[in-house]
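First up is the structure itself, then whatever we jot down about it.
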Amino acid sequence: MDYILSAFYNIPGLKYFFSQEKRQQSMSSTEEGGKEYIAPLFQTVEEVLQPIPTRITGTVPEWIKGSLLRIGPGKFEFGNDKFNHWFDGMALMHKFTIENGTVMYMSRFLQSDAYRSNESHNRIVVSEFGTVALPDPCKSLFQRFVSTFELPKPTDNGNINFMKYEKDYYVSTETNLMCKVDPVMLETKEQVNWSDYIAVNAATAHPHYDPNGTAYNMGNSFGKQGTFYNIIKVPVQESEDEGTLHGAQVICSIPAKDKWNPSYYHSFGMTENFIVFMEQPIKLNVLKIITSKITGKPILDSFRWDPIFDTVFHVANKHTGELHSVTFHTAAVMMYHQINSYEDQGCIVIDICCQDDGKGYGLYQLHNLRESGKALDEVYKLVPKSIPRRFVLPLDITSETPQGININPLTYTSATAVIRADGTVWQEDGFYPSEPVFVPSPDSNEEDDGVILSAVVSPNQDKTTFLLFLDAKNFTELCRAEVPVLIPYGIHGIFLPQK
């Protein structure tokens with residue numbers, strides 16, 4: 001059974017983000033032109049292997065004790081070879097240690113197989129999202145010819161996110177390879193392959209966690225029967241001697257509607273009882289991925305935005321793995337991240353950061369990000385605007401549920417669900433804030449009692465990178481910790497409270 005969903009834009013519950021009015025003001029100011037040169041945020045930087053102090057302006061709340069770990073691309077060339085896309089850059093780990101009102105900073109490159117191979121050959125030998133590694137010039141012509149017919153090997157350049165499984169910490173990209181790391185000194189420990197535990201060929205860098213520590217993730221599997229989107233459950237370990245991913249299992253497999261052109265996804269939603277997977281109309285051409293070494297085309301070239309298709313919401317019970325009999329459809333939208341998901345009055349409410357055009361992933365080529373003047377203005381104009389939207393998925397549906405009327409019982413949202421007959425952001429010029437991370441106050445009973453942390457970077461040499469502390473209740477600035485080195489623009493991270 002299919003449902004049509006509509007979404008509304010002004011979401012009262014999104015206190016941690018921005019109101020519709022402020023969002024529009026922010027966008028209009030961006031569209032006026034005069035973009036500043038941002039290339040320094042996408043250039044190679046040096047590691048800071050030993051913690052260095054920051055200069056505090058304001059007061060760091062005494063109760064905050066722990067570390068903000070972040071990761072993102074930090075090296076974009078080896079020898080004469082240069083990466084093409086921002087997502088290709090070698091993973092650089094960052095650590096802000098907060099204790100007794102002070103903040104220390106350090107960084108270290110992930111010693112992945114990809115990084116070490118590129119470093120030892122002084123050229124790019126591992127293909128990434130937007131860059132294909134050229135054949136080894138030291139091989140014979142025949143060896144180079146034969147190597148083009150080998151299946152592309154996945155990268156372990158985990159530059160997307162930090163994550164925790166049980167007691168261990170990992171960094172990951174979107175392949176089946178993760179790297180276990182030491183969160184104290186950011187040392188790389190070992191490579192871990194999801195395929196050694198479960199039958200998946202990839203996994204997201206955005207797992208979700210139950211309060212008891214059980215983790216959930218999603219990963220694709222490719223085979224003769226086509227492509228499946230798999231919900232992965234990693235239970236709490238009964239013994240410390242067991243491996244971190246011991247007991248991992250696929251609890252639900254969702255067949256792709258187009259088995260040889262599955263949808264790309266970066267994250268998914270989770271509530272107390274359900275997993276919500278959004279099958280969006282960004283299609284991956286599996287044949288192009290398999291033949292990329294022959295054609296010399298990167299994985300990026302296999303992406304296609306196909307807005308003639310709906311975005312389809314699949315719901316699965318995360319305890320039983322049972323897939324809900326209802327699928328929910330909305331107009332074509334593209335999303336990287338879901339904002340929040342919860343259950344209310346027999347419905348799933350899911351807030352998503354949406355774009356109405358799914359071609360933006362190709363715009364993050366490094367030559368675009370390093371443009372200046374009018375050329376950079378033109379790049380900005382092409383980037384799809386991200387808008388928060390709320391979707392409501394009514395689950396208590398029977399054959400008697402009427403068609404053609406709004407069946408959403410929630411009065412606090414204007415989102416609608418109809419059965420088909422056929423089945424501000426804080427802002428300061430010259431600075432670029434990173435993903436906000438919420439740190440709750442200890443023993444608090446209010447969900448917004450705490451601090452928002454954001455690593456704020458700048459391409460300007462006369463401006464200082466800093467870790468920003470905001471009061472989560474009203475978004476007023478508490479303090480900033482200025483870092484005396486350039487930090488490139490990063491992607492994701494987590495906060496580790498000090499025990």
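The values are calculated or read from the model by the stated rules, or taken from the named source; none is laboratory data. Note that this is a predicted model, so its numbers are computed, not measured. Note that we place each Cβ from the backbone using ideal geometry, even for glycine, and neighbour counts take in every protein chain shown. Ligands, DNA and RNA are stripped out before the accessible areas are found, and what is left, the full protein with its side chains, is counted by its heavy atoms. Shrake-Rupley method; radii C 1.70, N 1.55, O 1.52, S 1.80 Å.
What to note about this one:
- Heavy atoms of VAL125 accessible to a 1.4 Å probe, total area in Å² rounded to 10: 40
- Per residue, the convex hull volume that the Cα atoms of the range 163-257 enclose (Å³): 102
- For GLY72, nonlocal amide neighbours, meaning residues 5 or more places apart or on other chains whose placed amide H falls under 5 Å from its own, are LEU92, ILE491.
- Ordered by 1.4 Å accessible area with all protein chains kept, TYR37, TYR264, TYR380 run largest first as TYR37, TYR380, TYR264.
- Calculated [222 nm] ellipticity per residue, helices only, for the chain: -2500 deg cm²/dmol; basis is -39500 (n - 2.57) per DSSP H run with n ≥ 4, divided by all residues, nearest 500.
- When peptides 361-367, 104-110 are ranked by their average number of other Cβ atoms within 10 Å per residue, the highest-first order is 104-110, 361-367.
- For CYS179, residues with placed amide H under 5 Å, excluding near neighbours: VAL171, VAL192
- Set of lysines with alpha-carbon distance to LYS164 below 18 Å, sequence-local pairs under 8 removed: LYS95, LYS180, LYS189, LYS233, LYS499
- Simple spin-label estimate for THR401 and TRP260 gives 3.5 nm between the two label positions (7 Å along the Cα-to-Cβ direction from each Cα).
- Ordered by solvent-accessible area of protein heavy atoms (1.4 Å probe), largest first, the residues LYS381, LYS95, LYS374 come out as LYS374, LYS381, LYS95.
- Kirkwood hydrodynamic radius (C-alpha pairs) into Stokes-Einstein, the chain, 10 °C and 1.306 mPa s, D in µm²/s: 66
- Overall form of the range 407-499 per C-alpha gyration tensor (a/c, 1.5; a/b vs b/c): prolate
- Accessible area, probe 1.4 Å, largest first, for residues ARG370, ARG70, ARG480: ARG370, ARG480, ARG70
- Phi-based couplings in Hz for the range 382-397 (Karplus 6.51, -1.76, 1.60; Gly and Pro marked x): 7, 6, x, 7, 8, 10, x, 9, 10, 10, 10, 10, x, 9, 7, 10
- For the range 315-330, Karplus couplings with θ = phi - 60° (6.51, -1.76, 1.60), whole Hz, Gly/Pro x: 10, 10, 6, 6, 8, 9, x, 6, 7, 4, 6, 9, 10, 10, 10, 9
- Probing with 1.4 Å while keeping every protein chain in the model, the per residue accessible area of the chain equals 46 Å².
- Value of relative contact order over the range 190-308, rounded to a whole percent, pairs C-alpha under 8 Å and six or more apart: 18
- Across the range 484-499, computed HN-Hα scalar couplings (Karplus, 6.51 cos²θ - 1.76 cosθ + 1.60, θ = phi - 60°) run x, 9, 6, 10, x, 5, x, 10, 9, x, 9, 9, 10, x, 7, 8 Hz from first to last residue, x flagging Gly and Pro.
- Accessible carbon and sulfur surface of the range 371-421 relative to its total accessible area, %, 1.4 Å: 54
- Taking every Cα-Cα distance in the range 241-281 and sorting them into 5 Å bins starting at zero, the pair-distance distribution P(r) comes out as 5, 16, 20, 21, 17, 12, 6, 2, 1 percent.
- Straight-distance crosslink candidates among lysines, where the alpha carbon sits under 17 Å from LYS82 and sequence neighbours closer than 8 are dropped: LYS297
- Computed accessible area, LYS297, all protein chains, 1.4 angstrom probe, square angstrom: 100
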